[in-house]
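Participant: The structure is given below, and queries will be raised subsequently.
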Amino acid sequence: SRNREKSKAFWLWSIVGMLGGVFSLFAVVAFNQPPPTDHVTACRMDQKDPAHTIILIDQSDPFQTNDYGWVDSLVDEEARRLPKYGRLTVITPNTADPFEPQQIFSACSTGAARSANPLFENPRMVEDAWRDSFRNPLGVAVSTVMKDKTAPASPLAEALYSVFDRSDFRAEASSKRRVVIISDLMQNSKGFSFYKKGADYSSFQKTRLGRFSFNADGAEIIARIVPRQQYDLPLEDLKLFWKSYFSDANADFLALN
């Protein structure tokens with residue numbers, strides 16, 4: 001009698017365990033179902049980007065051949081740091097229409113190898129798909145911009161104002177927002193020119209352009225200063241201007257050179 005009771009209990013708990021395993025498997029599969037995405041950009045159809053990085057490339061002065069390597073490494077690092085479905089956009093200042101920077105590239109990451117789920121994905125296949133659909137087209141776009149002809153002006157402040165006016169870059173659109181500026185940081189437009197006024201933030205604030213304010217809501221701003229044989233203004237003056245500019249905009253700013 002005791003053996004029969006033990007046998008019944010054993011089978012009962014075995015069935016419970018199997019059912020629990022089946023339900024757990026279904027739960028894991030359900031939670032890992034990919035959201036609907038756009039077949040061109042690989043971005044989520046519900047527009048809930050987990051992150052958005054905008055790279056602003058200032059080609060007002062020509063890039064040198066030795067700039068291509070470090071820019072490509074920088075872009076690769078930014079692309080890899082994005083989570084799956086994170087958006088990356090590349091823009092350049094627009095001399096003809098300063099408040100409408102030109103968009104060169106915008107797409108979402110399919111997920112690099114390090115973000116692959118080993119239970120359901122092959123990291124090597126994930127990396128190959130990421131390169132083919134995201135990283136390689138991004139590299140082509142950046143390379144094209146760097147080889148493009150120089151521009152007669154550099155409306156950086158106007159372009160940055162437009163960045164934070166984008167509907168897909170507001171705090172409610174993405175909680176992790178990052179702007180990477182590749183430039184010598186020389187603002188030069190009809191609105192304000194460092195060549196005429198210097199990097200004087202107080203003078204800038206008195207201009208019409210200086211009164212165009214925005215709230216970055218704590219977005220990260222990284223400026224990678226393009227190396228030049230000779231700078232038109234001391235780098236510390238440039239860094240101080242942009243530090244004040246982004247501090248007033250409530251942004252987390254870091255300038256690197």
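The values are calculated or read from the model by the stated rules, or taken from the named source; none is laboratory data. As the structure is a computational prediction, the values presented were derived from the model and not from experiment. Reconstructed Cβ throughout: ideal geometry from the backbone, glycine too, with neighbour counts over all protein chains shown. Note: areas computed on protein heavy atoms with side chains; ligands, DNA, RNA excluded. Shrake-Rupley method; radii C 1.70, N 1.55, O 1.52, S 1.80 Å.
Participant: If you roll a 1.4 angstrom probe over the protein chains with everything in place, what fraction of the accessible area of region 190-252 belongs to carbon and sulfur, to the nearest %? Write out the running numbers ahead of the final one.
Facilitator: Numbers: 1670 of 3840 Å².
Its accessible area is 44 percent carbon and sulfur atoms.
Participant: Along the charge dipole of region 94-187, Cβ charges K/R +1 and D/E -1, which of 95, 145, 108 sits furthest on the positive end?
Facilitator: Highest projection toward the positive end goes to 108.
Participant: Ok, one more. In nanometres, what is the gap between the two model label sites at residue 61 and residue 38, each 7 Å from Cα along Cα-to-Cβ?
Facilitator: Output for this residue pair reads 3.5 nm.
Participant: Where a Cα-Cα gap under 17 Å defines reach, which lysines qualify for residue 176, not counting those fewer than 8 residues away within the same chain?
Facilitator: 48, 84
Participant: Taking only protein heavy atoms into account and a 1.4 Å probe, give the accessible area per residue of region 56-104 in Å².
Facilitator: With all protein chains present, region 56-104 gives 44 Å² per residue.
Participant: Report ³J(HN,Hα) in whole Hz for each residue of region 197-206, in order, from the Karplus equation J = 6.51 cos²θ - 1.76 cosθ + 1.60 where θ = phi - 60°; Gly and Pro get x.
Facilitator: Each residue's phi maps through the Karplus curve to give 10, x, 8, 9, 5, 5, 5, 4, 4, 7 Hz.
Participant: Between rounded, prolate and oblate, where does region 173-257 land on the alpha carbon gyration tensor, with a ≥ b ≥ c its root eigenvalues, rounded for a/c under 1.5, else prolate if a/b exceeds b/c?
Facilitator: oblate
Participant: Residues with beta-carbon under 14 Å from that of residue 75, excluding residue 75: net charge, scoring Lys, Arg +1 and Asp, Glu -1?
Facilitator: My count for the surroundings of residue 75 gives +1.
Participant: A follow-up question, please. Tell me, in nm to one decimal, what length is gained between residue 203 and residue 122 on full extension, where the rule is 0.36 nm per residue of separation less the Cα-Cα distance?
Facilitator: Fully extending the segment from residue 203 to residue 122 adds 23.5 nm.
Participant: Now, a different point. Identify all aspartates and glutamates with a Cα-Cα distance to residue 149 below 18 Å; exclude those on the same chain that are fewer than 8 residues away in sequence.
Facilitator: Straight-line reach from residue 149, under 18 Å: 58, 61, 67, 97, 184.
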